[in-house]
Amino acid sequence: MFDKVRKNLEDKGFKVTVCDTAKDAADYIVKELDGKTVGFGGSVTVEQLGLYDKLKSQNSVYWHARTPEGKTKDEIRALANSAEVYILSANGLAETGEIVNIDGACNRIASSCYGHEKVIFVIGKNKLAPTYDEALFRARNIAAPKNAQRLKRNTPCAKNADRCYNCNSPERICRVLSVFWSKPMVGDFEVVLVNEDLGY
């Protein structure tokens, strides 16, 4: 099912690895990153793969969802931002090769664009959409409301979990959009496609 998107991502300069299961993806990433410092963006997919626990025995791992006692989330985000490798998912992936993310604090978007030796997107088959417009629609109207609900935000989309209301709530999590039209000029970027539903 990934033949078209794989070719388009590779044509745009990304390395692409396809895994049948979440376990296969986690095992592959752990093997690839032995000894590296690793930062994570906010990601249900990363949680479902168990990557934090799998990597922490052999790597220095920074994730604000696992903030150690005595540290703040902002301190951990800064450490993640300076890690050798950054791992995140996507809110939408077009078969034409565009990777779409929407962010609130924007540490995830900022870290995905520049500053690391390597960036790895781990993306389940449920994030795939035929076109860029449909991937953007998915990010705004499927992923964002579910994430707002998960984070217990006081927003219309979290309350109704049906679509983006383009609200002006102070708790709005949809603040910045990023689209990878192609691999950035600097750095190693890999997309790990997983033939399972992962995250939102």
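The values are calculated or read from the model by the stated rules, or taken from the named source; none is laboratory data. Please read these numbers as outputs of a predicted model, since none were measured by experiment. Note that each Cβ is placed from the backbone with ideal geometry, even for glycine, and that neighbours are counted across all protein chains shown.
Only residues that are crowded, with 16+ Cβ neighbours inside 10 Å and either β-branched (Val, Ile, Thr) or under 20 Å from Gly199 (Cα atoms) (or both) were counted across the stretch 148-173, and they come to 9.
When Phe180, Phe137 are checked against the criterion of being crowded, with 16+ Cβ neighbours inside 10 Å, more than 16 Å from the chain's Cα centre (by Cα) and modelled with pLDDT of 95 or more, a single residue qualifies: Phe137.
Summed over the stretch 29-51, the residues that are more than 13 Å from Val85 (Cβ to Cβ), of a type outside the set (A, V, I, L, M) and buried (at least 16 other Cβ atoms within 10 Å of the Cβ) give a count of 5. Can you find a residue that is crowded, with 22+ Cβ neighbours inside 10 Å and modelled with pLDDT of 95 or more anywhere in the stretch 15-24? No, the stretch 15-24 has no match at all. Within the stretch 186-197, none of the residues are free of Cβ contacts under 8 Å to residues at least 60 places away in the same chain and not polar (S, T, N, Q). Going residue by residue through the stretch 72-95, is there one that turns out to be assigned to a loop (DSSP other than H, G, I, E, B), free of Cβ contacts under 8 Å to residues at least 12 places away in the same chain and over 12 Å from the mean Cα position of the chain (by Cα)? There is at least one residue in the stretch 72-95 that is assigned to a loop (DSSP other than H, G, I, E, B), free of Cβ contacts under 8 Å to residues at least 12 places away in the same chain and over 12 Å from the mean Cα position of the chain (by Cα). Against the conditions (1) in contact with a Pro (Cβ under 7 Å, 6 or more places away or on another chain); (2) touching a residue at least 12 places away in the same chain (Cβ under 8 Å), Tyr165 satisfies every one except (2).
Of the candidates Gly199, Gly124, Gly104, Gly115, the single residue that is more than 11 Å from the chain's Cα centre (by Cα) and closer than 22 Å to Leu55 by Cα is Gly115. Taking Lys36 as the residue in question, decide whether it is more than 23 Å from Glu196 (Cα to Cα), touching a His at 6+ places or on another chain (Cβ under 8 Å) and not hydrophobic (A, V, I, L, M, F, W, C). No, not satisfied. Taking the stretch 63-101 as the search range and keeping residues that are among the aliphatic types (A, V, I, L, M), modelled with pLDDT of 95 or more and under 14 Å from Val44 (Cβ atoms), which one is surrounded by the fewest Cβ atoms within 10 Å (Cβ to Cβ)? Only one residue tops the list, namely Leu88. Residue count for the stretch 132-172 under the criterion of being assigned to a loop (DSSP other than H, G, I, E, B), out of contact with any Asp or Glu (no Cβ under 7 Å at 6 or more places or on another chain) and not basic (Lys, Arg): the result is 11. Does the stretch 102-131 hold any residues that are surrounded by fewer than 18 Cβ atoms within 10 Å (Cβ to Cβ), farther than 20 Å from Lys23 by Cα and not β-branched (Val, Ile, Thr), and which are they? Within the stretch 102-131, Ala105, Cys106, Ala110, Cys113, Tyr114, Gly115, Glu117, Pro130 qualify.
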